[in-house]
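Asks: One structure, pasted below without further comment.
The values are calculated or read from the model by the stated rules, or taken from the named source; none is laboratory data. Just so we're clear, the structure is a prediction, and the values are computed from it rather than from any experiment. No Cβ is skipped: glycine too gets one built from the backbone with ideal geometry, and neighbour counts run over all protein chains shown.
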Amino acid sequence: MPTANLAVAARATLGEGPIWDIRQRVLLWVDINEQRLHCFDPAANVDDTFDIGRRVGTVVPRARG
């Protein structure tokens, strides 16, 4: 039986909108209640966060970066 492992101990209060950015090879997602954008790099095992200053439901990479 497959097992799941915790990748990011972000403790999000309302994590939503995960999307894989194929160019940067990172997982982008938002914590709506905390008004943060997360950018998780699994190769480096780093989750950078950015305060947005407002509630955001999802994130989408732009074609031009």
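Asks: Given the criteria acidic (D, E) and surrounded by 12 or more Cβ atoms within 10 Å (Cβ to Cβ), does D51 qualify?
Replies: For D51, the condition - acidic (D, E) and surrounded by 12 or more Cβ atoms within 10 Å (Cβ to Cβ) - is not met.
Asks: Determine which single condition G53 fails, assuming it passes every other condition in (1) in a strand (DSSP E or B); (2) at positive phi.
Replies: (1)
One line per residue, one yes/no per condition, for (1) surrounded by 11 or more Cβ atoms within 10 Å (Cβ to Cβ); (2) in contact with an Asp or Glu (Cβ under 8 Å, 6 or more places away or on another chain); (3) modelled with pLDDT of 90 or more; (4) of a type in the set (G, A, S):
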{"residue": "I19", "(1), (2), (3), (4)": "yes, no, yes, no"}
{"residue": "I22", "(1), (2), (3), (4)": "no, no, yes, no"}
{"residue": "V46", "(1), (2), (3), (4)": "yes, no, yes, no"}
{"residue": "R55", "(1), (2), (3), (4)": "yes, no, yes, no"}
{"residue": "R62", "(1), (2), (3), (4)": "no, no, no, no"}
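Asks: Now for a different question. I'd like to check something: does region 14-28 contain any residue that is assigned to a strand (DSSP E or B) and at positive phi?
Replies: Yes - at least one qualifying residue is present in region 14-28.
Asks: Now for a separate question. Condition first: surrounded by fewer than 17 Cβ atoms within 10 Å (Cβ to Cβ) and within 9 Å of the chain's Cα centre (by Cα). Now tell me which residues in region 1-17 satisfy that.
Replies: Of everything in region 1-17, those that are surrounded by fewer than 17 Cβ atoms within 10 Å (Cβ to Cβ) and within 9 Å of the chain's Cα centre (by Cα) turn out to be E16, G17.
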